[in-house]
Amino acid sequence: MAINIDTVYKQFGALKVVNGVSVDIKDGEFFVMLGPSGCGKTTTLRMVAGLELPTAGRISIDGADMTYAEPRHRDIAMAFQDYGLYPNMTVFKNIEFPLKIRKLDVRERARKVEDTAEKLGLGELLQRKPSQLSGGQRQRVSLARALVRNPKVFLMDEPLSNLDAKLRAVMRTEIKKLVTNLGITTIYVTHDQIEAMAMADRIAVMSKGNMVQVASPLEVYDRPKTRFVAEFIGSPPMNLFPAQIKAGGTVTCILPNFAHSLCEEERAFAAQIVDGKGGLLLGIRPEHLVVAKAGAQGATDALVELVEPLGQTTNIYVSVGDVRFVIVTDRTTAKAGDTIGVVAPSDLLRVVANDDAVVRH
Amino acid sequence: MSNSRILKSSASALAAYALAIAAALFFAFPIFWMVTSSFKSEVDISAYPPVWSFTPTLVNYAQLFTELNAWQALINSALIVGLATCIAMAAGTMAAYALARFDVKGKEFLAFEILSIRMLPPIVSVIPMFIIARQLGIFDTPWLLIAAYALSGLPFVVWVMRVFIQDIPQSIEEAAMIDGCSRFETFWRVTLPLLLPGLAATMVIVFMFAWNEFLLASMLTSQEAKTLPVIAANAIKPKAIAWGLASAAGVMMSLPVVVLVLLMQRYLVRGLTLGAVKG
């Protein structure tokens, strides 16, 4: 079911947590809200769930206004970071609970519980209590409880963040497969960019109560619109260089060789950034920089400060005067103290707006 | 583990047990003495040195029921304390839930105000209560003591249950609401079962306070609504103390509490160690 969030605000006393968030989530979409802690992503999710009421704005699910509806009337399911299992009930009873509240027939209940448990590999564990399960199993139970009643919308609040790294990767693919197969509209909250990139149909990057950019994972990665997005996504993050736009639309950069052949699309975006002074940055992903011979045609000479061989890739930290940045390449013979040439391919250079810059649309 | 270390650890375990047994004996002895005294005759009680073997008699218990009208007092106590405990538990738990979970304006102040009832020495409130009761025409009826005990138990229930409720992760309740429960259903089906150990522990303590309460009971009753502690005090007669009678009254007063604690034991052990719900 489609979800429509329309200029929603949330304030706790004087604290503004969500500042006018608007977004349309399509039927069957896997929508991820990504951001650091305190950015308002969980509060936004909780408002969709009905666990918090917005200070202003409107939330509708499947066309119906649900802004102030009780959670039980929204036909949503939710998975919590700490699982939210009922500790006094067995796994079976936990999964059965939403069906019991809906007064389904006992045999129908048992059949559904067993089906769902089977799907999530919980068949053997039905008679256990949550305290006798591992973290991964508990999260599976919470997913089963959410899925057993075929909800319209599935909300997930950092469901994997209490699991260890290996299990997290496994569960990530499992959840994605499961939800995609069922075609349920899902809103997923996380602070983990890898999770967001891997699972999302669309990512909303959030900062200070705003959705800074809403786009597909690759779009967010390739064309971050603001400094926050550029620095939050990617590891190591995008290299950013102070730049300026001159009268007539020419963009100049602190590293002159980088700016001279900016593509048309980026130039157009640069023109939209109203506040030219310090409002403009040029960005390029570390893996898009090309290492050349020092002094080569079109290359900028840089001093190698540190080399980090990671096996699959190598991080080269370099400086040009006061400007420091990082290059990700295959294996290299360069070592600290060497001078190398760096080429920034013009089609991969991006114009990025500074966080407080005003962008005209 | 080497031999000397085994010796050392078993020696310290032995010392710990010895200490525990000594402490248990120390605290159990008065109870033992009370129980035996209640079965002794007047002569055996006053014998010096104390007699350890004697012919048990039920004379004190008989006297308790004939002379002091203990049967009526027992019924009064059970009715008054039982009802007062129920009221304090129900009202207190709901108030505690509101204080733990809702955005009540001036919540901390409210909680403190409730606690301040407890700070008032009971003797201060006796006279006003007496006057009010006279006006309302409920003096020497069970209702007066029920109200008084419920009120004095309430702050304790609110404060203790609030901690127990805060100990339950909020996500459990949120999960229930999303699973289709209303607020009340959530409380009834999910929160309350998790609170049982805490409820049991709190209830036993509230019950015991009211069951043993003497001051209010002696001032606010005269004939009809007398409770067990009041009639037990009647064993102290103008000329002498009837030790046998007093002991018998003591045993009778203790029995219901012992039974209650035994019944609740399963919950008590978990309830008295806070945070039993986590995990």
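The values are calculated or read from the model by the stated rules, or taken from the named source; none is laboratory data. In this text, all values refer to a predicted model and were calculated from it rather than measured experimentally. In this analysis, Cβ positions are derived from the backbone assuming ideal geometry, glycine residues included, and neighbour counts consider all displayed protein chains.
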Task: Filter result for the condition that a residue is surrounded by fewer than 21 Cβ atoms within 10 Å (Cβ to Cβ) and small (G, A, S), over A:A77, A:A69 - done: A:A69
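Here's the yes/no breakdown for (1) modelled with pLDDT of 90 or more; (2) farther than 20 Å from A:F31 by Cα; (3) touching a helix residue (DSSP H, G or I) at 6+ places or on another chain (Cβ under 7 Å); (4) of a type in the set (S, T, N, Q):
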| site | (1), (2), (3), (4) |
| --- | --- |
| A:K152 | no, no, no, no |
| A:E158 | yes, no, no, no |
| A:K176 | yes, no, yes, no |
| A:H191 | yes, no, no, no |
| A:M199 | yes, no, yes, no |
| A:R202 | yes, no, no, no |
| A:P224 | yes, no, yes, no |
| A:R227 | yes, yes, no, no |
| A:P242 | no, yes, no, no |
- [ ] Please find, among A:I59, A:I76, A:I101, the residue that is of a type in the set (V, I, T), touching a helix residue (DSSP H, G or I) at 6+ places or on another chain (Cβ under 8 Å) and within 22 Å of A:V17 (Cα to Cα).
- [x] A:I59
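Tell me the helices (runs of 4 or more DSSP H) entirely within the stretch A:32-122 that contain at least 3 residues that are of a type in the set (S, T, N, Q) and assigned by TED's automatic domain parsing to the domain that holds A:S142. Give the derivation first.
Numbers: elements: A:41-49, A:91-101, A:106-119.
The helices (runs of 4 or more DSSP H) meeting that bar are A:41-49.
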- [ ] Please specify each residue of the stretch B:204-215 satisfying the condition of being surrounded by fewer than 23 Cβ atoms within 10 Å (Cβ to Cβ) and among the hydrophobic types (A, V, I, L, M, F, W, C).
- [x] B:V204, B:I205, B:M208, B:F209, B:F214, B:L215
- [ ] Answer with yes or no whether B:V43 is assigned by TED's automatic domain parsing to the domain that holds B:A235 and out of contact with any Leu (no Cβ under 7 Å at 6 or more places or on another chain).
- [x] no
Task: Looking only at the stretch A:171-204, and only at residues there that are β-branched (V, I, T) and under 13 Å from A:L143 (Cβ atoms), the one that is nearest to the chain's Cα centre (by Cα) - done: A:T186
- [ ] Sort out which residues of the stretch A:74-108 are more than 7 Å from chain B (Cβ to nearest Cβ) and among the polar types (S, T, N, Q), and write them in order of number.
- [x] A:Q81, A:T90, A:N94
Open item on the list: On the basis of being at pLDDT 85 or above, over 22 Å from B:I45 (Cα atoms), surrounded by 17 or more Cβ atoms within 10 Å (Cβ to Cβ) and of a type in the set (D, E), does B:E224 make the cut?
Closed with: no
Open item on the list: Here are the criteria: (1) surrounded by 18 or more Cβ atoms within 10 Å (Cβ to Cβ); (2) of a type outside the set (K, R); (3) out of contact with any Phe, Trp or Tyr (no Cβ under 9 Å at 6 or more places or on another chain). Tell me which single one B:T141 does not satisfy.
Closed with: (1)
Task: Residue ranges of helices (runs of 4 or more DSSP H) in the stretch B:93-197 with at least 2 members within 10 Å of another protein chain (Cβ to nearest Cβ), out of contact with any Cys (no Cβ under 9 Å at 6 or more places or on another chain) and in contact (Cβ under 8 Å) with a residue 12 or more places away in the chain - done: B:170-178
Open item on the list: Checking the conditions here, which among A:S142, A:S161, A:S134 is of a type in the set (S, T, Y), surrounded by fewer than 22 Cβ atoms within 10 Å (Cβ to Cβ), at negative phi and in contact (Cβ under 8 Å) with a residue 60 or more places away in the chain?
Closed with: A:S161
TODO: Examine the stretch A:177-189 for a residue that is touching a Ser or Thr at 6+ places or on another chain (Cβ under 6 Å) and within 14 Å of another protein chain (Cβ to nearest Cβ), and state whether such a residue exists.
DONE: yes
